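Okay, structure first, notes after.
The values are calculated or read from the model by the stated rules, or taken from the named source; none is laboratory data. The structure presented is a predicted model; accordingly, all values stated were derived computationally and were not measured. FYI the Cβ positions are ideal-geometry reconstructions off the backbone, even for glycines, and counts take in every protein chain you see. The accessibility values were calculated without ligands, DNA or RNA, using every heavy atom of the protein model including side chains. Shrake-Rupley method; radii C 1.70, N 1.55, O 1.52, S 1.80 Å.
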Amino acid sequence: MGDATAFSSMDEFCGSTFWDANETWWTTDPDFTPCFEQTVLVWAPCAFFWLFMLFDFWYLKASLDKNIPWNRLNISKLLINVGLLVVTALDLIMSFVKKGGDSELPLYGVDIWTPIIKLLTFLMVLMFIPLNRKYGVQTSGCQFMFWFLLTIFSIPRCRTEARLHQERGQIIGSQQAEPHDFTWETYQFASFFIFFAFTCLMLILNCFADQLPRQTKYYRGPKEIPELSASFLSRITYSWFDRMALKGYRNPLEEKDLWDLRPQDSCKEVMPTFAHYWNKNVRKNYKRASGGQEPKAQFSNGKVSFENPQSNGRKKGMASIMPPIYRSFGGIFLFGSFFKLITDILTFAQPQVLSLIIGYVEDFAKVPQPEWKGIMYSILLFVLASAQTFILAQYFHRMFIVGLRIRTALINCIYRKALRISNAARKASTVGEIVNLMAVDAQRFMDLTTYLNMLWSAPLQIALALYFLWQQLGPSVLAGLAVMIIMIPLNGFIASRIKTYQIRQMKYKDERVKLMNEVLSGIKVLKLYAWEPSFEKQVLDIRDKEIATLRATAYLNASTSFLWSCAPFLVSLVTFATYLLSNEANQLSVEKVFVSLALFDIMKLPLTIIPMLTVDIAETQVSVQRINKFLNSEELDPNNVQHDASKPHPMSIENGHFSWGDEDEMTLKNINMQVPKNNLVAIVGTVGSGKSSVIQALLGEMEKISGTVNTVGKMAYVPQQAWIQNATVRDNILFGKPYDRKRYNKVIDACALRTDIEILSAGDLTEVGEKGINLSGGQKQRISLARAVYHNADLYLLDDPLSAVDSHVGKHIFEEVIGPKGMLAKKTRVLVTHGITFLPQTDKIYVMKMGEISENGTYAELLKNRGAFADFLMQHLQEGEEEEEELNQIKRQLSQTDPALVAPFEKAILLARTESLSDSISVTSADSLMGGSLRRRGKRQDSYDSNASAASLKKKQEVEGKLIETEKSQTGGVDFAVYKHYIKSVGIFLSVATLVLNFVFQAFQIGSNLWLTQWSNDKAVEHDTGLRNMYLGVYGAFGFGQVVTSFFSTLALSLGCIYSAAYLHETLVHFVLRWPMELFDITPQGRVVNRFSKDVDTCDNTLPLNLRVAVSQLFAVLATIVVISISTPIFLAVIVPIGFIYYFAQRFYVATSRQLMRLESVSRSPIYSHFGETVTGVSTIRAYTVQDRFIEESDNKVDKNQVCKYPSLIANRWLAVRLEMVGNLIILFASLFAVLGGQTNPGLVGLSVSYALQVTQTLNWLVRMSSDIETNIVSVERIKEYGETKQEAAWELEEDKKKPKNWPEDGRVEFKDFQVRYREGLELVLRGVSFNISGGQKVGIVGRTGAGKSSLTLALFRIIESAGGKILIDGIDIATMGLHMLRSRLTIIPQDPVLFSGSLRSNLDPFEVKTDDEIWKALELSHLKAFAKSLTAGLNHEISEGGENLSVGQRQLVCLARALLRKTKVLVLDEATAAVDLETDDLIQKTIRSEFRECTVLTIAHRLNTILDSDKVIVLDKGQITEFDAPSALLADPKSAFFSMAKDANLV
């Protein structure tokens, strides 16, 4: 009745009928009434515009740019708009002129109000044109939608007006008596069509975006992201991304192809807002103690300051990051949530339309409905699905943006905090933990934002689904719901089991990788000892445990998939059964069945997500707490140090008491210290007396308990542990200052860096590895000092900068830099030092003892006091650290200042001498050979290190070159051969089984659905309960078949993948261990380990998952096509073009997305490593006050990462929109053909349309998974590549069995014209060496470095194969036997002792073939018995990786024990290069002389005195033997090379 009154009032308003159902619905030729067309269809778009106009205003406010120039586009918009205004105004005037008053046509409300509403709306639109131009808004969605709706809604009136015009023409044409006055109608006809033309034009113009604004807040260069100036249409379809997709498809994307970041997402825009709300929040939580003025968040020249939660008086609670996050990013988030709400509602409209279509087909048999309804339903379904596609894409896009911004805000917030955190708070957690806040916790937020809306959306979806189901099936729905709810805890239980297994698998994986790492590090030793089989077994044993865990996980995974595949089926079975059995009258109709199935399907997703979401939220909760704890931790008090320029001295501490943040524990007590301007003040004292702490106190790094610290001027600081950044050497020295060549060179020379820089491969532009990994300690220290000197500050704090450098370098640096004549002579400096030589040149000395200053004064004053300082000197001398000349210098200085002190010092010096004498015997002999004093080398490894590091650097550069090559190979697609290899390794049976089972599964599924349609179409069931039960039973059986096949197909695939992973790993280990040594030399270890960790892990975990999803989705898509084709065969015609579109979208996406992901992960790690670096070097950064520069660097790194991240997120949306549109086309055609094809079976139609509705999701998944498979199959390719590498000779040969069992018996070794090179293409290292050693002889091999000494032994063990000539042992050519036979019958004591982690026993006898007694005997002979007895575990004592828990000497002895256990006839002794402590050396020599009396011993000597008693000496030079004779004979000949060597070594 209410409707009728409303309609009748509208009838009056129009003066004609407003709604006529017979004209609009119950007809074969539908049309609206003219009244409806002129009211509702005009008012609706206008209402839409007025409603959403608010967004346009918001965009104007938020725009960062201004002033778009006038151009063709906006001028034409303006003109057409004015035209529309004119037309509408004319309408209004004409209606007053032509109607009402005198004329016979009455004037109705519609004639006045519709033009007025139009006028106001067009005026509003007109207003926006200059506004948008002024505020730089290039496109407006609201306006586009308004014109779009207006155009669409005007189409019905077009038709009406055209018909009326035709009718008028007929009336005029049929000469009837009375003439008609058609002027008003003709005017309306003309004005409407002009109006319609203008509307269409406006719609077309609104498809384009305006030009670039002239004034922009940020530079918008040629590389700006097209999104910023893309039109609304282009934005919702993501067609602005096409260029990137095309480029990525043509050739792999590189960093230079990427667009700049959108300014709105950059740190510069995100941070100020976040900081503003954070500071507000801090103020709320920490009440100000003083009633001070509240500061605003300051944005000084683009810098953002965060307030410190601690400094604001009383604590009321922790300041949390959550409120600022809501406040800063809540707006976009809510906007996104609004989209989500719309899509959720649209989702539920689809089953309703489906029921209309089914109804239409059902009626087709009885009273057919007019055809246009069917077509309309199909189009409606398509429109709903498309709307959902576009809106959902926008929703995800918004969520990702929020996620990115939150991550940016958190990372920067954490970074800024890390620069201000106090030392006590920093020690509470390790650097790794702090970096994890950024890497893990901030990332977690980003992953969660997308799903956060499911918190309200999932319950909403379930509630709506239940409501609609209730309408279909009544209370029986609850039975189905109960099944779903029971599933949740079951899944939860299985998930937790899977998690425990995953943790266990990770543990095994770590063990395995660690062991592999060791094997690869010590591979040379393994080969020399022929121990590879033992280690191969160990690795494979761990791997077996890992595989067992994986297998358990596979069963669990199969059971979850089993639960999920049977869930939807069980639910529908239980619900339908309950529905039927609860009441005889209840019958299934087609409509009920399919609408219910569609609704159950919708419920499946939210039910799966809820348990996952709860876990995620709990984890994020933990993250929030961790971040809050960090952001609320204490900061350094800026008032620790005053800067009062009125004080007399630039640096002073008065009555200072300091601690390292523990209130009770005072580190420094009553410190009083003045540093006058331009003075050099030294701080000395024993270890741990608090010298460095004084420096930290001056920097303000320590908690000040009482007293004052004052510094005036710029600071420079050299820490005790040099802090080097991962940048070039030059950048490390400049440290953000501009490069001034003259000054720079001066600094480098002063700091003695010139030679080091010349050694480095790229000079001072050489990249320094993380933590300065490729520099020696001394080099780092000098760079750190050079940085300070170059910084040209006023105050210098030098914390023992000379400890890590050679004494002569130290002297040079002191004279050139620190001392009274150095570069810093005119600066105020504090020097902590151990070097007593420099003290006389300082202006004042403070002596520290137990955290107090025990005395101070000049050098002379302190010596006179005979106090702590004199003790310090004595103690220092007795440690005998100083070189000869230094001791003399000290003596001279003493005799000048206080002769009485000379005597006690003489005594101390003498003591130091005698102690070092025992060393010097061996030292002198080796001195000349090695060049330079060995003792000095032992102590200061500097000069040696720099060479080594240069070599390693060269190697590193080669490697880096190589690394790039291998990465190149992964850009394109993957060969089919790789897939073939993988399927082969899975096993043909399991591969086929998987496919067959999946096929059967789909067959059962389609069968059960067809059975349902059969059942619902069968009218006989209503009267026959037996028949009904039969139907129910068969339906159950079908379902059971699905469940079983699903379980087994998942299982078959998972197990197949595990077999394959096991096989791949086994071959990988097998081949890598059989590599010739040269391959290990040219392949960096990290790369090999990476194969064993990352690639094997991919084969274990990632690939099986991807394959499982991909295979099931593939079959689902095929099933959909089959079902639709069964019901409407014509559909097959459409499949081909749709398939093409799909294929292209997929190809484009895969290529682009894979590369973007790669770029993103590459750009992510620098953020974290830079952060880790900052945390370690924070005191240096603070001392130089360069925090702002570091913050900016961090911001840039984050932005750079976003630059790669954003396009990869867009690529996903781009693909989703394209694929879902393909899916929507499938829906459209499936439903259209069903409706038009005259299909009479409603069940089949319902089936095909409900399948089509699911297809979009499936297609989407299929592409994602197939692209993941392509990305991950690369791992198989890389493992396969290692399985095809060059191998060394066979380990065992059949002929070996024929050789004598106890070969070699005599130990005769004979070289015949032997030549060898390290690898192909290099020159020979031994060029035709011939000599003969009879059994039992002791032979020494000497020669300068690079003469080929080591090559001889390597050739003996066939580590390098001969290039000519041969080696015979006991007359048998060693090239004819298996490597293991050869290597296990020779013994070597290698140069550097390599131990493996494991028991002491396994290090001596890995094959466990010796008895305990034999092992103890060997230990006794190698002087390790006492040590082994003292261990609680004895022989089972665990040795850590690389033997770290044994001393170097003990490691050497373990190697000796290995040799004693093998006791073969030929022993090769490669002497340790550096003199191991002499004691060990003597022990080894003695044991060898006694125990290996009968054996042939070849010694590679580095020190001649060890081989003077050997039988023969071989002197090698440049790969040839120059002398071969007894040592006595050679020494008798003064012309021999051996003699000159001995002379150099002072042996003659």
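Among the residues that make up the stretch 1301-1309, is at least one of them open to solvent by 70 Å² or more (accessible area, probe 1.4 Å) and at pLDDT below 85? Working first, answer last.
Filtering the stretch 1301-1309 down to residues open to solvent by 70 Å² or more (accessible area, probe 1.4 Å) leaves 1301-1302, 1305-1306, 1308.
Still in the running and at pLDDT below 85: 1301-1302.
Within the stretch 1301-1309, one or more residues are open to solvent by 70 Å² or more (accessible area, probe 1.4 Å) and at pLDDT below 85.
Looking at Asp1195, Asp1188, which one is among the acidic types (Asp, Glu), over 17 Å from Leu261 (Cβ atoms) and open to solvent by 10 Å² or more (accessible area, probe 1.4 Å)?
Among Asp1195, Asp1188, only Asp1188 is among the acidic types (Asp, Glu), over 17 Å from Leu261 (Cβ atoms) and open to solvent by 10 Å² or more (accessible area, probe 1.4 Å).
Yes/no per residue for (1) in contact with a strand residue (DSSP E or B) (Cβ under 6 Å, 6 or more places away or on another chain); (2) crowded, with 21+ Cβ neighbours inside 10 Å; (3) more than 30 Å from Ile1273 (Cβ to Cβ):
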position: Gln1005; (1), (2), (3): no, yes, no
position: Asn1009; (1), (2), (3): no, yes, yes
position: Phe1048; (1), (2), (3): no, no, no
position: Ser1060; (1), (2), (3): no, yes, no
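Between Ile1367, Ile1439, Ile1415, Ile1389, which is closer than 30 Å to Glu1320 by Cβ and either of a type in the set (Val, Ile, Thr) or surrounded by 16 or more Cβ atoms within 10 Å (Cβ to Cβ) (or both)?
Answer to the selection: Ile1367.
Val1454 fails exactly one of the following numbered conditions: (1) surrounded by fewer than 18 Cβ atoms within 10 Å (Cβ to Cβ); (2) modelled with pLDDT of 80 or more; (3) hydrophobic (A, V, I, L, M, F, W, C). What is the number of that condition?
(1)
Working only within the stretch 82-118, note down all residues that are open to solvent by less than 50 Å² (accessible area, probe 1.4 Å) and either farther than 15 Å from Gln38 by Cβ or among the hydroxyl-bearing types (Ser, Thr, Tyr) (or both).
Selection gives Gly83, Leu84, Leu85, Thr88, Ala89, Ser95, Gly100, Ser103, Thr114.
Determine whether Gln461 is of a type in the set (S, T, N, Q), assigned to a helix (DSSP H, G or I), in contact (Cβ under 8 Å) with a residue 40 or more places away in the chain and buried (at least 18 other Cβ atoms within 10 Å of the Cβ).
Considered against the rule, which asks whether it is of a type in the set (S, T, N, Q), assigned to a helix (DSSP H, G or I), in contact (Cβ under 8 Å) with a residue 40 or more places away in the chain and buried (at least 18 other Cβ atoms within 10 Å of the Cβ), Gln461 comes out as yes.
Tell me whether the stretch 1118-1133 contains one or more residues that are open to solvent by less than 20 Å² (accessible area, probe 1.4 Å), part of a helix (DSSP H, G or I), touching a Gly at 6+ places or on another chain (Cβ under 9 Å) and under 30 Å from Trp564 (Cα atoms).
Yes: the stretch 1118-1133 contains one or more residues that are open to solvent by less than 20 Å² (accessible area, probe 1.4 Å), part of a helix (DSSP H, G or I), touching a Gly at 6+ places or on another chain (Cβ under 9 Å) and under 30 Å from Trp564 (Cα atoms).
Quickly run through the stretch 418-436 and pick out the residues that are open to solvent by less than 10 Å² (accessible area, probe 1.4 Å) and either aromatic (Phe, Trp, Tyr) or not in a loop (DSSP other than H, G, I, E, B) (or both).
We begin by selecting, within the stretch 418-436, every residue open to solvent by less than 10 Å² (accessible area, probe 1.4 Å); these are 418-419, 421-422, 434.
If the condition is that a residue be open to solvent by less than 10 Å² (accessible area, probe 1.4 Å) and either aromatic (Phe, Trp, Tyr) or not in a loop (DSSP other than H, G, I, E, B) (or both), then Ala418, Ile421, Ile434 are the ones that fit.
If you take the residues in the stretch 502-516 that are among the aliphatic types (A, V, I, L, M) and open to solvent by 30 Å² or more (accessible area, probe 1.4 Å), which one is farthest from the chain's Cα centre (by Cα)?
Taking the candidates together, the pick is Ile503.
In the stretch 695-702, is there at least one residue being more than 30 Å from Glu855 (Cα to Cα) and within 38 Å of the chain's Cα centre (by Cα)?
Taking the stretch 695-702 as the starting set, the residues that turn out to be more than 30 Å from Glu855 (Cα to Cα) are none.
Checked the stretch 695-702: no residue is more than 30 Å from Glu855 (Cα to Cα) and within 38 Å of the chain's Cα centre (by Cα).
Looking at (1) open to solvent by less than 80 Å² (accessible area, probe 1.4 Å); (2) part of a helix (DSSP H, G or I), which one does Cys207 not meet, given that it meets all the others?
(2)
Kindly list the number of the only condition in (1) over 27 Å from Trp1075 (Cα atoms); (2) surrounded by fewer than 16 Cβ atoms within 10 Å (Cβ to Cβ) that fails for Val1342.
So Val1342 meets the others, but not (2).
So the check is Cβ under 8 Å with 6+ separation or different chains; which pairs have a first residue in the stretch 1069-1087 that's closer than 19 Å to Gln538 by Cα and at pLDDT 85 or above and a second one that's part of a loop (DSSP other than H, G, I, E, B) and among the polar types (S, T, N, Q)?
Pairs found: Phe1071/Thr1285; Phe1071/Gln1287; Arg1074/Gln1287; Trp1075/Thr1285; Trp1075/Gln1287.
Here are some residues: Lys780, Lys771. Which one is charged (D, E, K, R), part of a helix (DSSP H, G or I), at pLDDT below 80 and surrounded by fewer than 23 Cβ atoms within 10 Å (Cβ to Cβ)? Walk me through it before giving the result.
Numbers: Lys780 fails: at pLDDT below 80.
Matching residue, one of Lys780, Lys771: Lys771.
Please determine whether any residue of the stretch 1024-1043 is β-branched (Val, Ile, Thr), within 30 Å of Gln587 (Cα to Cα) and either open to solvent by less than 30 Å² (accessible area, probe 1.4 Å) or modelled with pLDDT of 90 or more (or both). Walk me through it before giving the result.
Step one: filter the stretch 1024-1043 for residues β-branched (Val, Ile, Thr), giving 1025, 1034, 1043.
After this cut, where a residue has to be within 30 Å of Gln587 (Cα to Cα) as well, the list is 1025, 1034, 1043.
Cutting the leftovers down to either open to solvent by less than 30 Å² (accessible area, probe 1.4 Å) or modelled with pLDDT of 90 or more (or both) gives us 1034, 1043.
Within the stretch 1024-1043 (the criterion being β-branched (Val, Ile, Thr), within 30 Å of Gln587 (Cα to Cα) and either open to solvent by less than 30 Å² (accessible area, probe 1.4 Å) or modelled with pLDDT of 90 or more (or both)), the answer is yes, since at least one residue qualifies.
Conditions (1) of a type in the set (A, V, I, L, M, F, W, C); (2) at pLDDT 90 or above; (3) in contact with a Phe, Trp or Tyr (Cβ under 8 Å, 6 or more places away or on another chain), marked per residue:
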| position | (1), (2), (3) |
| --- | --- |
| Gly141 | no, yes, yes |
| Glu161 | no, yes, yes |
| Glu178 | no, no, no |
| Phe189 | yes, yes, no |
| Ala230 | yes, yes, yes |
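Got a number for residues in the stretch 568-586 being open to solvent by 40 Å² or more (accessible area, probe 1.4 Å) and among the polar types (S, T, N, Q)?
Looking only at that region, the number is 3.
Any residue at all in the stretch 1176-1190 that is in a helix (DSSP H, G or I), under 17 Å from the mean Cα position of the chain (by Cα) and over 28 Å from Thr994 (Cα atoms)?
Checking the stretch 1176-1190: not a single residue is in a helix (DSSP H, G or I), under 17 Å from the mean Cα position of the chain (by Cα) and over 28 Å from Thr994 (Cα atoms).
Being touching an Asp or Glu at 6+ places or on another chain (Cβ under 9 Å) and under 30 Å from Arg416 (Cα atoms) is true for just one of Asn632, Asn628, Asn640. Which residue is that?
Answer to the check: Asn640.
Could you please find all residues in the stretch 238-278 being closer than 15 Å to Trp1214 by Cα and surrounded by fewer than 19 Cβ atoms within 10 Å (Cβ to Cβ)?
Ser239, Asp242, Arg243, Leu246, Lys247, Tyr249
Report the residue count in the stretch 810-828 for those that are assigned to a helix (DSSP H, G or I), open to solvent by 20 Å² or more (accessible area, probe 1.4 Å) and touching a helix residue (DSSP H, G or I) at 6+ places or on another chain (Cβ under 8 Å).
Total meeting the criteria: 2.
Search the stretch 665-694 for residues that are more than 11 Å from Lys844 (Cα to Cα) and pair each with any residue that is part of a strand (DSSP E or B) and among the aromatic types (Phe, Trp, Tyr) when their beta-carbon atoms are under 7 Å apart and the residues are at least 6 apart or on different chains.
These pairs meet every condition: Thr667/Phe658; Leu668/Phe658; Ser693/Phe658.
Looking at Ala645, Ala585, which one is in a loop (DSSP other than H, G, I, E, B), of a type in the set (A, V, I, L, M), more than 30 Å from Ile358 (Cα to Cα) and out of contact with any Cys (no Cβ under 9 Å at 6 or more places or on another chain)?
Residue meeting the stated conditions: Ala645.
Can you list residue pairs whose Cβ atoms sit under 6 Å apart, with the first residue in the stretch 39-66 being open to solvent by 70 Å² or more (accessible area, probe 1.4 Å) and the second being among the hydrophobic types (A, V, I, L, M, F, W, C) and at pLDDT below 90? Count only pairs 6 or more apart in sequence or on different chains.
Pairs found: Tyr59/Val137.
What tally of residues in the stretch 1402-1424 results from selecting those that are over 50 Å from the mean Cα position of the chain (by Cα), part of a helix (DSSP H, G or I) and within 16 Å of Gln1452 (Cα to Cα)?
Of the residues in the stretch 1402-1424, 3 are over 50 Å from the mean Cα position of the chain (by Cα), part of a helix (DSSP H, G or I) and within 16 Å of Gln1452 (Cα to Cα).
Kindly indicate whether Leu831 is open to solvent by 10 Å² or more (accessible area, probe 1.4 Å) and of a type in the set (A, V, I, L, M).
It is false that Leu831 is open to solvent by 10 Å² or more (accessible area, probe 1.4 Å) and of a type in the set (A, V, I, L, M).
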